[in-house]
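The values are calculated or read from the model by the stated rules, or taken from the named source; none is laboratory data. Computed from a predicted model, the values in this text were never measured in an experiment. So basically every Cβ, Gly included, is an ideal-geometry build from the backbone, and we count neighbours across all protein chains shown.
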Amino acid sequence: MINRAWRWLLVGILLISLIACTGPQPTLRSNKQLHLYGRQVAQQEVDSCRQRAEQSGLRHGTNQSTNAATGAVLGLTLGGAVGASAGVVGGLPGIAIGAAAGSAIGFTVGLLGGTFKPLEPDPPYADAVTKCLKEKGYEVSGWE
């Protein structure tokens, strides 16, 4: 049973490494500028504004792999504790099995929960990118 838990741990680590480290993206509101130049040019403008903000020393502050890793560690810890306490009835083997199973389930749930957590950029970074896009004629309606 413990070998199975280690396999899940390795699968989770592999998933974390495959998750993109991209930060939050601004969502553009449909306006004249967006219709005139299209989504492809708008995305190039977004990339340009993000790069400009990062060159000035600002960072987006959050990304999916960080959220996933945080969720996975929290799930692993809490799942192991809950599993161990549930396995007390079975003695030492029950505690070990409960901790392993709880850790594997907690890790998986935490990993998935963290992956799909909404990304919110640091306010100074968001302000710089939004200002840059506004200067170019775009309107930011939010971040994703």
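Regarding Ala86, is this residue modelled with pLDDT under 70 and crowded, with 20+ Cβ neighbours inside 10 Å?
For Ala86, the condition - modelled with pLDDT under 70 and crowded, with 20+ Cβ neighbours inside 10 Å - is not met.
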Do we find that His35 is at pLDDT below 90 and either closer than 21 Å to Ser141 by Cβ or of a type in the set (Val, Ile, Thr) (or both) in this structure?
no
